[in-house]
Amino acid sequence: MNPEIVLEFSGGYLRPLKLEDLHPGYVAGLNDPEVNRYLDGVKRVAQTEQSVSEFVKQNQQSENAVLFGVWLNGAQHHCGTVRLHGIESHHKTAHIGICLFDKSVWGKKLGSKVIEAVTRWALDKLKLRWIEAGAYSENIASQKTFLAAGYEWIYDIPDKYIFEGKPSTVKVYAAKSLAV
């Protein structure tokens, strides 16, 4: 994907993450149990500068994913990421996920702003017609964030994943375009 993409939103911008963007706060945030509570793969293994670098590299080289960093205006470091992945050109679909690892930005509607910016870009520029997000039923904040960003609840998948030792329902949300 084009590394020169810049998506603006009220109060900041997003752009594809580069290796030189990595900072200790990013790695520390991914290891914070409050941040990674709903990040299934991230919390299974302690994150290191090397593991995070590998993840960024994989996304840079991917033909079907973009890992955006989230910057607030005037900030030196990014405070979160939004990943559009599984981009499928025939069906014009993708999946989206978000992680705001800097807890100082929580509760400020930043999540819905950045999801909306990436979604608008994906629908308009990539001509996607369906962008899907999944959230554990316990993750009320994520559900509210996707709804605020214009997504709609589509269906539930009961008992799909194990969350905190018990089967959990996954709630699926989508942003759609009628274009084909």
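The values are calculated or read from the model by the stated rules, or taken from the named source; none is laboratory data. Everything numeric in this text was worked out from a predicted model, so none of it was measured. With ideal geometry, Cβ positions are generated from the backbone for all residues, glycine too; neighbour counts draw on all protein chains shown. Just so you know, the surface numbers come from the protein's heavy atoms only, side chains and all, with ligands and any DNA or RNA stripped out. Shrake-Rupley method; radii C 1.70, N 1.55, O 1.52, S 1.80 Å.
If the label point is 7 Å along Cα→Cβ of Lys166, which residues in the stretch 25-57 have backbone nitrogen under 17 Å from it? Only 38 pass the distance filter.
The residues packed around Gly111, meaning those with a beta-carbon under 14 Å from its beta-carbon, carry a net charge of +4 if Lys and Arg are +1 and Asp and Glu are -1.
Give the range of the longest stretch in the chain that excludes all GluC sites (Glu not before Pro) found in loop regions by DSSP and having at most 14 other beta-carbon atoms within 10 Å. Longest stretch, sites excluded: 64-163. Distance between the 7 Å Cα→Cβ label points at His77 and Asp159: 4.3 nm. Take every Cα pair under 8 Å whose residues are at least 6 apart in sequence, average their separation, divide by the length of the stretch 1-135, and the relative contact order is 24 percent. Note on the chain: with a GNM built from Cα contacts shorter than 10 Å, the maximum mean-square fluctuation among Gly74, Gly165, Gly25 falls on Gly165. Electrostatic tally near Gly150: other residues with Cβ closer than 15 Å to its Cβ, Lys and Arg +1, Asp and Glu -1, net +2. Computed about its Cα centre, the charge dipole of the chain is approximately 360 debye, with only Lys, Arg, Asp and Glu carrying charge at their Cβ. Per residue, the chain exposes 55 Å² of accessible surface when a 1.4 Å probe is rolled over the protein heavy atoms with every protein chain present. Summarising the label geometry, the points placed 7 Å from Cα in the beta-carbon direction at Asp124 and Glu138 lie 3.8 nm from one another.
For Asn73, the shell of other residues with beta-carbons less than 14 Å away shows a net charge of +2, using +1 for Lys and Arg and -1 for Asp and Glu.
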